[in-house]
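Engineer: Got a structure for you, written out below as structure tokens; questions coming shortly.
The values are calculated or read from the model by the stated rules, or taken from the named source; none is laboratory data. Treat the numbers as computed from the prediction; the structure is a model and nothing was measured. Reconstructed Cβ throughout: ideal geometry from the backbone, glycine too, with neighbour counts over all protein chains shown. Calculation scope for accessible area: heavy atoms of the full protein, side chains included, ligands and nucleic acids excluded. Shrake-Rupley method; radii C 1.70, N 1.55, O 1.52, S 1.80 Å.
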Amino acid sequence: MAFVSASNLRKSYDGEPAVVDLDLDIFAGEIFGLLGPNGAGKTTTIKMLATVLAPDSGDAEIGGYSIVSAPREVRRIIGLCPQDIALYEDMSARENLLFFGRMAGLNAREARTRAVECLATVNLDARADERVHRFSGGMKRRVNLAIALVNQPRLLFLDEPTVGVDPQSRARIYDTIRALAGEGTTVLYTTHYIEEAENLCNRVAIIDGGQIIAQDTPRGLHTLLPDTERPTLEDVFLHLTGRTLRDV
Amino acid sequence: MRAWLLAGKDLQRFLRDPKALAFGLAFPVLLIFFTIAVQGNAGADDPMLHLYVATAEGSGLSHDIIDVLLDIEDLSIRTLEPAEASRALEAGEIGGYLLFPADFTEAVTGGYGTDLSVRVGGQALRTRYALEGLARDIAARAGTSRVVLDAGLSLLATPTAHDVDFSRVEGAFRELFAEDGFGAGPAVTLESERVGPILPPDPPDWSVPGYVVMFLFFTAALGAESIVLERRNNTLERLLVVGATRADILGGKFLGGVTRAMVQAVLLWTAGIALFGMNIGRAPAAVLVITAVFVFASAAFGVLLASLVRTPAAAHSAAVLVSLVAAPLGGCWWPLFLAPPWLQDMARITPHAWANAAFLRTLIYGATLPEVLGEVAVIALFGIAFGAVALLRFRPDAE
């Protein structure tokens, strides 16, 4: 049984459809990649599933809770690492984690414990008490990820978490994600880096124009190009979404 | 609970932000200091006004009057020739002078009218009022003397006046024009007595409340910028995902504004009392209540502003504009009673005016809390109105 099950999700902005009748199933402990060009509807999909945006129609169940009728319950079991770095840069890494931990409903002791654990997970425990504005872009991305883990979510949304990150930090983020999935956390991962999706994700969906146009394992998606010798996921992606630039 | 966590985090960030502290705490104290230094001892002086008098008569009644005036202790009368007085006035050396006409004695005794001239420079308001008062007094006494003279002459000319004691009438006339008393003395005289030194209005008592009102509102309004910035940075959205509701976030931002402003208010009042010797009035509780309600209204305005604008720059500009218009309009820079009536009426559209009025009544005129409850209620209504609109409009996410 799917841990995330979305059916007919639809969202428009000022009459412009962003997501159109989206159906999606993600299984527990799976790393599920959502690939798409700019403006394809990836972030809108994640925001609806994370209960930040209300869908115009349709619904999704996460861990058995509806995002429409039980958003509070959904929020208790999810974590979101947004595309933009959403931190208080004039606070230390530890203070950020403590604050978001308390806001997530942890008591002071639990929040302190989780802050230490999450900072260790992203390998920032030695810099825990430095203010975030002194950190490099990669370190900020890791704090961004650590905050998403503070409430021990069963479903983790990672919206392009490695944008602008150095290879060392990126490798650390991959390790963290694999470890979390190994412990049973379900991950919904969006990225522009197709190679990243190919290496990291158990299954990948390609979204364009607000609709999922293909969905399979990375290897399974290769079969969509039977005439191409040793196709890559990028070949498949470009074959399905075209080569027209998407300036949004 | 989440709202308080959010407020605590905002207070922590405020207290460690040097720019916010400089603007919210240090700058107001410095501004109050400079304002008080500039006002100094203004109003404490009580200079004797010198009144200049000239007469175009070679001799006669005007000279008698001037002699009498010169003998009055509380008046500083100085005499000038008409030509010299005119030149000095033109040159700006004197503020003005009173001129007796050449026909003064003839006109007064002959019973036809003449004019006492008061000539003053445009800026010499106090000289003008003093000279006009003096001229009116002389005219009134001359008129009274004329009536008495006419009555005496009529009496003497009456055929049935054979039984009049002419020696008493003559005595009365002599007394009327005696040198030591121009005409008959008035039935009522005014006497002023100075009791102790004249104290100036205490500058801190006037300046501190206005600046407290201005900066509490200014800082709270500028808080809108940080709220919009948080929305831009997606931290508000992130708070939604970790379980905070829209009400938590709105309440937290409002409480953050309230706690920041209360810290600022405590510091500014303490500086006012401890550094500048401000008098807190008879009812410190009233000052506390007015401050708290004004803080409530200001914090609500900050959240309202954040709900109306999209960018941090727009929030900053709007906060500065509204604060700098509302402060003088609402009487933060000068007492509203000095403003024209239409401006006093217009000031009522600002919570500043009501707060300043309440502080003025409490700190200067000694009002107690029940006496300023009307103003307090109006300020609270401003806060409720701001909060209600914010509640309808506020969105934590950047959609």
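Engineer: To the nearest 20 debye, what charge dipole does chain A have about its Cα centre, counting +1 at the Cβ of each Lys and Arg and -1 at the Cβ of each Asp and Glu?
Structural biologist: The calculated dipole for chain A is roughly 940 debye.
Engineer: Kindly write out, for segment A:123-135 in residue order, the coupling ³J(HN,Hα) from the Karplus curve 6.51 cos²θ - 1.76 cosθ + 1.60 (θ = phi - 60°), rounded to whole Hz, with x marking Gly and Pro.
Structural biologist: Karplus-based 3J(HN,Hα) across segment A:123-135 equals 6, 10, 4, 6, 10, 4, 9, 8, 5, 5, 5, 8, 7 Hz.
Engineer: Can you give the FRET efficiency for B:LEU30 and A:ASP56, using 1/(1 + (r/R0)^6), R0 = 56 Å, r = Cβ-Cβ distance, to the nearest 0.05?
Structural biologist: In this case the efficiency is close to 0.55.
Engineer: From Cα pairs below 8 angstrom and at least 6 apart in sequence, can you work out the relative contact order of chain A, rounded to a whole percent?
Structural biologist: In percent, rounded to a whole number, it is 26.
Engineer: A follow-up question, please. Tell me, what is the 1.4 Å probe accessible area of A:CYS81, in Å² to the nearest 10?
Structural biologist: 0 Å²
Engineer: How large is the dipole of segment A:1-143 about the Cα centre if only Lys and Arg carry +1 and Asp and Glu carry -1, each at its Cβ, rounded to the nearest 20 debye?
Structural biologist: Rounded to the nearest 20 debye, it is 620 debye.
Engineer: For segment B:4-23 and segment B:335-376, what is the separation of their Cα centres, given in Å?
Structural biologist: 31 Å
Engineer: Something else: Calculate the radius of gyration of the Cα atoms of the protein assembly as shown to one decimal place, then report Dmax, the largest Cα-Cα distance, as a whole number, both in Å.
Structural biologist: Using the Cα atoms of the protein assembly as shown, the pair Rg, Dmax is 41.9, 154 Å.
Engineer: How big is chain A in terms of Cα radius of gyration and Dmax, in angstroms?
Structural biologist: Over chain A's Cα set, Rg and Dmax evaluate to 18.1, 59 Å.
Engineer: Can you give the log10 of the normalised intensity I(q)/I(0) at q = 0.17, 0.28 Å⁻¹, computed with Debye over equal Cα scatterers of segment A:179-248?
Structural biologist: -0.67, -1.44
Engineer: Given points 7 Å out from each Cα along the Cα-Cβ axis, report the A:ALA171 to A:SER69 separation in nanometres with one decimal.
Structural biologist: Placing both labels 7 Å beyond Cα along the Cβ direction yields 4.9 nm.
Engineer: Turning to a different aspect of this structure: Note down the magnitude of the dipole of the protein assembly as shown about its Cα centre, charges +1 on Lys and Arg C-beta and -1 on Asp and Glu C-beta and zero elsewhere, to the nearest 20 debye.
Structural biologist: Roughly 3520 debye for the protein assembly as shown.
Engineer: So who's got an amide H within less than 5 Å of the one on B:ALA56, skipping anything under 5 residues away but keeping other chains? H placed 1.01 Å off N, in plane.
Structural biologist: Excluding prolines and chain starts, which carry no amide H, the hits are B:PHE100, B:ALA102.
Engineer: Related question: A 25 angstrom limit on the alpha carbon distance is what I want to check against. Which of B:LYS19/B:LYS253; A:LYS47/A:LYS140; A:LYS42/B:LYS253; A:LYS42/A:LYS140 exceed it?
Structural biologist: A:LYS42/B:LYS253
Engineer: I would also like to ask the following. Once R0 is set to 51 Å, what does the formula 1/(1 + (r/R0)^6) return for the Cβ-Cβ distance between B:ARG246 and B:GLN123, expressed as a FRET efficiency to the nearest 0.05?
Structural biologist: E between B:ARG246 and B:GLN123, to the nearest 0.05, is 0.25.
Engineer: Taking 7 Å along the Cα-to-C-beta vector as the label spot, tell me the B:ARG282-B:THR109 distance in nanometres, rounded to one decimal.
Structural biologist: 6.1 nm
Engineer: What FRET efficiency, computed as 1/(1 + (r/R0)^6) with R0 = 56 Å and r the Cβ-Cβ distance, is obtained for A:ALA120 and B:THR270, rounded to the nearest 0.05?
Structural biologist: 0.80
Engineer: Placing +1 on the Cβ of each Lys and Arg and -1 on the Cβ of each Asp and Glu in chain A, which of A:HIS192, A:GLY209, A:PRO153 has its Cα farthest towards the positive end of the resulting dipole?
Structural biologist: Checking the options against the dipole of chain A, the answer is A:PRO153.
Engineer: Report the one residue of A:ILE46, A:GLY242, A:GLY15 whose Cα lies farthest in the direction of the positive end of the charge dipole of chain A (charges on C-beta: Lys and Arg +1, Asp and Glu -1; origin at the Cα centre).
Structural biologist: Toward the positive end, the furthest listed residue is A:ILE46.
Engineer: Please give the average number of partner chain Cβ atoms lying within 10 Å of the Cβ of each residue in A:98-108, rounded to a whole number.
Structural biologist: For this peptide, the per-residue mean of nearby foreign Cβ atoms is 5.
Engineer: Can you find, among A:PHE99, B:ALA3, B:ALA139, the residue farthest towards the positive end of the dipole of the protein assembly as shown? Put +1 on the C-beta of Lys and Arg, -1 on that of Asp and Glu.
Structural biologist: Result: A:PHE99, furthest along the dipole toward the positive end.
Engineer: May I pose another question? So how do B:PHE337, B:PHE218 rank on accessible area, 1.4 Å probe, biggest first, that is with the largest at the start?
Structural biologist: Accessible-area ranking of B:PHE337, B:PHE218, largest first: B:PHE337, B:PHE218.
Engineer: Which three numbers, in whole Å and largest first, are the semi-axes of the equivalent ellipsoid of segment B:317-390 derived from its Cα gyration tensor as √(5λ)?
Structural biologist: In descending order the semi-axes read 21, 17, 10 Å.
Engineer: What nm value, rounded to one decimal, do you get for the distance between B:LEU338 and A:THR228 when each label is placed 7 Å out toward the C-beta?
Structural biologist: Result: 7.9 nm between the two label points.
Engineer: Whose amide H sits under 5 Å from the amide H of A:ILE212, counting only residues 5 or more places off or on another chain, with H placed in the peptide plane?
Structural biologist: When sequence neighbours closer than 5 places are left aside, the close amide H contacts are A:ASP23.
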